[in-house]
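For reference, the structure I am asking about is given below.
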Amino acid sequence: MKARLLRGFVAILGGNVAVKLLTIAFVPVLVRFVGSDGYGDYAFVMSSMWLLLIVANSGIFTSIRKFLPEERDREDWADEVYGFYLRLAVALAAVVVAAVAALTAAGYVGAWFGEQFTGYFYLLCAMIVGTQFHSVTRSALMAFGREPASETLHAAQKAAFVAVAIGFLLAGWHVTGVLVAFVLASVAVSVAGFVLLARNVSLRAAFSLPDAAFPRWELLSYNLLTILLMGATFSLYHVDIVLLQAFHGSRETGLYRASLQVAEFLWLVPIVIGTVFIHSLSELWSTGRDGLIEEISARATRYTVVLTLLLAIGVAALAEPFVTLYFGREFAPSVGPLLVLLPGAVGFAVARQVFSVGQAKGDLRPLIAATGTAAAINLLLNLVLIPPYGMWGAAIATSIGYGSMVVLHVRSAKAIGFDPLADLRAGPTAATAILAAPVIFGASALIDSDVLALLAVPPLGFLVYAALALKTGAVDPDEVADLVDGLPAPVDRVAAWL
């Protein structure tokens, strides 16, 4: 099981790294074509899409990964689950798209946000459909243990989107071209995903209703709880963007989205761990192997804390040169909100992989209570602070909301039946961060060239931090060896050569 988890982790990490690198390459191109106003419009449409997908997807991405790998006493269990969720995905997407199209056609969207959003929201309808089917195919491939295929498609979607979007930007299509590119890439990858899934399930399952013994209400009840959980989680991601657009307009939204874009770099590893956990640990929960689950979760929590602290220190030390070079001088005001967001982003990173273990068990009520409380704190603070303080208020409110997640989810984890802090090693981890921070900040301050600082400080900081982590005991040498031994052969050979 540990080897399977590591293989899944490596595949999903590779896909997410590829997506992140493509995003990193694309964003500075985008902002230089559309400016902070256009970037704010784009960020608002994307946030609107993910909030609407709370209803359209209704936890289907998570539910497929939970139920498909389970062993049930039904001959066609996989086909039945896949068909059930595919039909549900079509029906829910149709309802959401119809509602958005009706509001847009009636003129409400243009009146609320500006006339340019009328066209954007018609495209948003197509974006919802494309993303819905991409979500279904990706989650099903993961559930069948085909993470390399699912993550290759995930990266391909981003690559196609970036390539087509740049072409449309060069043609002068502005934000509209970027949204059209998203639709085309999502549809193409969805079709490819359905073709790949033909190896594992019969596509006729979408048209075959299961018999009365199929536990549809068990699946639907899990979905309903997942909607509440994902609704609260997605609101933490996007409510600040929506409120900032409503109160302060596109430019300030664009500047703040730049701050968030950098802070979200801290979430790469925990998102990958959480994605692997849901379909991999579901089997362990169903067979009662609680001790192994706690061991895996506790170690993953420690790794997440160690890695996220390193990233947070590096981002804080290089915030100003990175933002001004990456986004342009126009985005210099984004640096302050970014620094405010970092503490909360660290807390959210830890919480993100913790609650995935609870999702794998299916005991969602404690998770909903914890995430809902954090979401309520976040929404209330954003409503209070955004009108008078703009993006600074959004950063303060969101950082507090994110930070509350780690406290609330550690409590919910213990209620579910595992302790994610059992192997935290708080003292050695804190010592590692405290000793490494002056070196990283000092190196950044001593190097006059922004470009040279961005090239030299990250590898220097990593080497210093890694050496300290091994010296203090935050990470054991044997653990590093185990990780290298469990990597796929090509990665293993490279690591051994290094």
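In what order, largest first, do Tyr42, Tyr85 sit by accessible area if the probe radius is 1.4 Å?
From most accessible down to least: Tyr42, Tyr85.
Working out 0.36 nm times the residue gap between Ala25 and Ala212, then minus their Cα-Cα distance, what length gain in nm do you get to one decimal?
Here the answer is 62.2 nm.
Considering only protein heavy atoms, with the full assembly of protein chains and a 1.4 angstrom probe, order Glu75, Glu320, Glu264 by accessible area, largest first.
Glu75, Glu320, Glu264
Between Leu103 and Tyr389, what is the spin-label point distance in nm, taking each point 7 Å from the Cα along the Cα→C-beta axis?
Here the modelled spin labels are 2.8 nm apart.
How do Arg216, Arg204 stack up against each other in accessible area, from largest to smallest, with a 1.4 angstrom probe?
The residues order as Arg204, Arg216, largest area first.
Under a Cβ-only charge scheme (Lys and Arg +1, Asp and Glu -1), can you give me the dipole magnitude of the chain about the Cα centre, in debye to the nearest 20?
240
Step through the residues of the range 293-304 one at a time and calculate ³J(HN,Hα) from phi using the Karplus curve (6.51 cos²θ - 1.76 cosθ + 1.60, θ = phi - 60°), rounding each to whole Hz and writing x for Gly and Pro.
4, 5, 4, 5, 5, 5, 5, 4, 4, 5, 4, 4
Quick one: Cα centre-to-centre distance for the range 113-180 and the range 287-348, in angstrom?
Using only Cα atoms to place each centre, the spacing works out to 26 Å.
Using unit Cβ charges (K, R positive; D, E negative) and no other charged atoms, how large, in debye to the nearest 20, is the dipole of the range 360-449 about its Cα centre?
Rounded to the nearest 20 debye, it is 300 debye.
Need one number: nm distance between label points at Trp112 and Ala422, each 7 Å from Cα along Cα→Cβ, rounded to one decimal.
Taking the simple label geometry, Trp112 and Ala422 are separated by 4.6 nm.
Convert each backbone phi in the range 176-182 into a coupling constant with the Karplus relation 6.51 cos²θ - 1.76 cosθ + 1.60 (shift: θ = phi - 60°), then list the ³J(HN,Hα) values in order as whole Hz, x for Gly and Pro.
4, x, 5, 5, 4, 4, 4
Additional query: Provide the FRET efficiency to the nearest 0.05 for the Ile434-Asp478 pair, computing r from the beta carbons and using R0 = 30 Å.
For R0 = 30 Å, the calculated efficiency reads 0.75.
Let me know the shape class of the range 32-172, please: from the alpha-carbon gyration tensor, a ≥ b ≥ c as square roots of the eigenvalues, rounded when a/c is under 1.5, otherwise prolate if a/b is greater than b/c, or oblate.
Oblate, since a/c reaches 1.5 and b/c is not below a/b.
Can you give the calculated 222 nm mean residue ellipticity of the chain, where each DSSP H run of n ≥ 4 adds -39,500 (n - 2.57) and the sum is split over every residue, rounded to the nearest 500 deg cm²/dmol?
Taken over the chain, the calculation gives -30000 deg cm²/dmol.
How big is the accessible area of Leu228 in square angstrom, nearest 10, if you roll a 1.4 angstrom probe over the protein chains?
Its accessible surface works out to 100 Å², give or take rounding.
Roughly how much of Tyr389 is accessible, in Å² to the nearest 10, using a 1.4 Å probe?
Answer for Tyr389: close to 140 Å² accessible.
Another question, then. At 0.36 nm per residue, and after removing the present C-alpha to C-alpha distance, how many nm does the segment from Ala91 to Leu455 gain when stretched out fully?
Result: 126.1 nm gained on full extension.
Please list, in chain and number order, the residues 5+ apart from Val475 or on another chain whose amide H is under 5 Å from its amide H, with Hs placed from the backbone.
Close amide H contacts, sequence-distant or interchain: Leu470.
Enumerate the lysines that Lys414 could reach by cross-link, defined here as Cα to Cα under 27 Å, with residues fewer than 8 away along the same chain left out.
Lys2, Lys66, Lys361
Taking the full set of protein chains and a 1.4 angstrom probe, give the accessible area of Trp77 in square angstrom, rounded to the nearest 10.
Accessible area, nearest 10 Å²: 10 Å².
The values are calculated or read from the model by the stated rules, or taken from the named source; none is laboratory data. These numbers come from a predicted model, not from an experiment. Positions of Cβ are generated from backbone atoms using ideal geometry, with glycine treated the same way; all protein chains shown enter the neighbour counts. Just the protein is used for accessible areas: all its heavy atoms, side chains included, with ligands, DNA and RNA removed. Shrake-Rupley method; radii C 1.70, N 1.55, O 1.52, S 1.80 Å.
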